[in-house]
1. For segment 17-53 and segment 149-178, what is the centre-to-centre distance using only Cα atoms, to the nearest Å?
2. With a Förster radius of 30 Å, plug the Cβ-Cβ distance of Glu264 and Glu8 into 1/(1 + (r/R0)^6) and report the FRET value to the nearest 0.05.
3. Bin width 5 Å, alpha-carbon pairs only: give the P(r) of segment 195-268 as whole percents, running from 0 to the bin holding the largest distance.
4. Give me the 1.4 Å probe accessible area per residue for segment 86-177, excluding ligands and nucleic acids, in Å².
5. Nothing charged except the Cβ atoms of Lys and Arg (+1) and of Asp and Glu (-1): what's the magnitude of the dipole of the chain about its Cα centre? Round to the nearest 20 debye.
6. Identify which of the listed values of volume of the Cα convex hull per residue in Å³ was calculated from the structure shown: (1) 151; (2) 303; (3) 163.
7. Go through Lys263/Lys369; Lys182/Lys369; Lys110/Lys181; Lys239/Lys263; Lys110/Lys239 and tell me which ones have a Cα-Cα distance over 28 Å in this structure.
8. For segment 46-142, take the convex hull of the Cα atoms, compute a quarter of its surface area, and give me that in nm², please.
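The values are calculated or read from the model by the stated rules, or taken from the named source; none is laboratory data. All of these numbers come straight from a predicted model, not from anything done at the bench. Note: ideal-geometry Cβ built from the backbone for every residue, glycine included; neighbour counts use all protein chains shown. With ligands, DNA and RNA removed, areas are computed over all heavy atoms of the protein, side chains included. Shrake-Rupley method; radii C 1.70, N 1.55, O 1.52, S 1.80 Å.
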Amino acid sequence: MRLQLSPELEAFREEMRTFFTTQVPQEIRDHVAAHRELDKEDYVRAQQVLNAAGLAVPHWPVEWGGRDWTPLQRHIWREEMQLACVPEPLAFNASMIGPVLAAFGSQEQKERFLPKTANLDIWWCQGFSEPDAGSDLASLRTTAVRDGDDWVVNGQKTWTTLGQHADWIFCLVRTDPTAEKKQRGISMLVFPMDSPGVTLRPIELIDGGFEVNEVFFEDVRVPAENLVGEENRGWDYAKFLLGNERVGIARIGATKRLLVQAKEHARAITVDGRSLLDDPFMAARIAELENELVALELTALRVVADSAGGKQNPASSVLKLRGSELQQAATELVVDIAGPLSLASFADEGSDVPDWARAATPHYLNYRKVSIYGGSNEVQRTIIAGSILGL
């Protein structure tokens, strides 16, 4: 099944496809296709190519680099980017703090940060989760106390993705510990990662990578003008931010691409003299995933269409929930196709096992995270039950 587009939208899709496959450096796209880790320079190069063409932050206000596109055009833009193996604009910049600053920041903050945020001249990281405040984010304990013209921040954040590359952090802090509800009394501050009193420690993941970190704050002084929006309104801004994050978190185009690759790998593997792709159980498994992906894409179009003007559709939780499940199912499929070859990821270099099979298990293990970040799937089910089903 394929969604039918108008001739104008087909032309738009072709324009996006041509740009992504001809203007973004091929070596970067090859790294993405092979599920190899990108370095900071790769992310920056790719995003600056997009930004120079006005394609890095099309969902932002036009005055700050956005495009006056329809929701469907934005969907096509994202899908074609993923299908072309182009690194998406850094989510912390493009989908998180950028829209928050555009909607709630002061004029000075917008002028100071938004152009550099779009061009990745500033690399942002997210200071939300804490050791005792992950899915229950409102229980955060990091504090900020006003001292003259500064806020003084103390506490700890964890699972700070790519914090080792970051120049600045947007951080939720408790500014009123006496608030009646724990969701109140929270504010959002932004400050440099090299501020005195900030310490970053890497965390090794199950796949052997180091993409997340712990961050400690000890008497970190943050200028008062670095408060985003109003004091004690940080929970509202966090909900706005997470709603934006969940719309893109389904990664439908990337899962489509992975399923195409899975079929190619299955076609190349023979079992008892026939292609694995000809096995009826394997064929049915792949077809089921493809059908589920079409259903998710239709849901994504409805969510994006109903999220105009800053209004967040609670159905974005469905995207996060089902999108993460399908991403995990696709990575598991590739491991099963590789079979014993997937164990080669733990072997010495130099084996004759194909690169895709060597990457299968680390990729699968890394994607255990997608049902946790952006609000765990358990939390999404609670949101769906209350906000959509009225339970």
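1. 30 Å
2. The calculated FRET efficiency here is 0.40.
3. Pair shares across the bins are 3, 11, 9, 10, 18, 17, 11, 8, 6, 4, 3, 1, 0.
4. Here the residues of segment 86-177 average 35 Å² of exposed surface.
5. So the dipole magnitude of the chain works out to roughly 960 debye.
6. After the calculation, the listed value that fits is (1).
7. Result: Lys110/Lys181; Lys239/Lys263 exceed 28 Å.
8. 7.7 nm²
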